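Working notes for the structure below.
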């Protein structure tokens, strides 16, 4: 009963929630790769404190697919573990890396499709944008971004 109430408390992300005659205190320990908090709850009773870990990312939809295990050299594993952030697990890192690689590939595929369409249009019509115009547009975008960032 306390576990269910604590899980409910975590989902609403309160900093302190009354659970019957007990108080559940949420301490947000770390962010996952997709920027969701993993709270660690402690249900305090007069007799003792019971640590209860609730991972909110699993409450709404369970992860059921598995990425194949890969074998690597011990040096690569050690290097990987040396770059993990505090509280970050190897699983968190691998999941974030896979998500980033997928996003990068989608952007790359989209870019190639647009480039292919532009090349086909040029071959059909013979009309193109002069290099100087393209470079000016790119420079103006770069200047605007630098100004926005204060550089």
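The numbers here are math on the coordinates, done by the rules we state, and not lab data. In this text the structure is predicted, and so the values were computed from the model without any measurement.
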Report the gain in length on full extension from residue 83 to residue 71: 0.36 nm times residue separation, minus Cα-Cα distance, nm rounded to one decimal. 2.5 nm
Once a ≥ b ≥ c are taken as the square roots of the eigenvalues of the Cα gyration tensor of the range 74-151, is the result rounded (a/c under 1.5), prolate (a/b larger than b/c) or oblate (a/b not larger than b/c)? oblate
